[in-house]
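Notes for the one structure printed next.
The values are calculated or read from the model by the stated rules, or taken from the named source; none is laboratory data. For clarity, every value in this text was computed on a predicted model and none was experimentally measured. Virtual Cβ from ideal backbone geometry, glycine too; neighbours counted across all protein chains shown. Note: areas computed on protein heavy atoms with side chains; ligands, DNA, RNA excluded. Shrake-Rupley method; radii C 1.70, N 1.55, O 1.52, S 1.80 Å.
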Amino acid sequence: MSFDFDRRDFLKLAGLGGVAFASALASRSGPARAAAQAEFYFVQLSDTHWGFKGPAVNPESGATLQRAVAAVNALPQQPDFVVFTGDLTHTTDDPKERRTRLKRFKEIVSELRVKDVRFMPGEHDASLDKGEAYQEFFGATHYTFDHKGVHFIVLDNVSDPTAAISEEQLAWLTADLKQHKPSDRIVIFTHRPLFDLYPEWDWATRDGAKAVELLMPFQNVVVFYGHIHQENHHMTGHIAHHAAQSLIFPLPAPGSQPKRVPLAWDPAAPNRGLGERDVTVGAAYKLTELPVVKG
């Protein structure tokens, strides 16, 4: 990839992490196809948890989303689109407060200069009411879109409180994939991992293996997800799965401690556990992880 800015400068500006840059490389199978698949990049933001309050975890939680928006707006080259991969807001049992948080989140991100912004729910947004409030503000919880020769599929594995995709949605996925050739480039966005990373901590999707099985005939597939608040890379056959770090707080490595609780905020290293990654998307997928540089 060739961009005219240092991504570390982006993190200095943002003061946070959880950012993925992706670039799709032009095809080498002819000028017409190459034009349709011209280089582009998108920004992935994940697990913003708007409404979270936890001074011991992140005393600056009320400002991180605004900083992320400002940082994206300040990029010399604007991305083609921005995608938020779930847990837009922090969970609440109060339906009125849930809508208040979703509304405020939407207001803040409306300040993005990039107007093509994609959303998907996390369990904090949708599991308590099966996505009802989320859909009032953001529409469908699962959908597809195409961009410069890449087919993007957003899967919802959070609205079902049992952490499943559901047979109905899997049938929808089956019908969508039937329209594509095995060589087509496909990117999946989802919140929970589609594989059993650590089911004891809810880091799995109950029927995720069925989705992976449907994707296996396709040669060029990559999955981007959130939920676990840390970098993780996993292969199911030839399909790569990459987790995004959180914008709000890190979580411990799978099974590294008895309980899944946010890691304590360290004023000496406030960005610990937060970072960014470069993602090159083409016939193959290459990731370069970069640490946060404190500004």
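Structure data summary
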item: Residues of the stretch 74-166: accessible area per residue with a 1.4 Å probe, Å²; result: 41
item: Taking all pairs of distinct alpha-carbon atoms in the stretch 180-276, Kirkwood radius in angstrom; result: 14.5
item: Hull volume in cubic angstrom per residue (convex hull over the Cα atoms of the stretch 54-101); result: 107
item: Gain in span if fully extended, His238 to Trp201, counting 0.36 nm per residue against the direct Cα distance; result: 10.8 nm
item: Point-to-point label distance, Gln66-Glu132, nm (Cα→Cβ direction, 7 Å offset); result: 3.3
item: Against the rule of thumb 2.2 N^0.38 Å, how large the Cα Rg of the stretch 83-238 comes out; result: 1.03
item: Residues listed by number, the stretch 182-210, amide nitrogen under 14 Å from Thr162 label point at 7 Å toward C-beta; result: 205-208
item: Mean Cβ count within 10 Å, highest first, over the residues of peptides 46-59, 80-93; result: 80-93, 46-59
item: Förster-model FRET efficiency, 51 Å R0, Thr144 and Asp266, C-beta, rounded to 0.05; result: 0.80
item: Heavy-atom accessible surface of the stretch 49-108: percent carbon and sulfur, 1.4 Å; result: 54
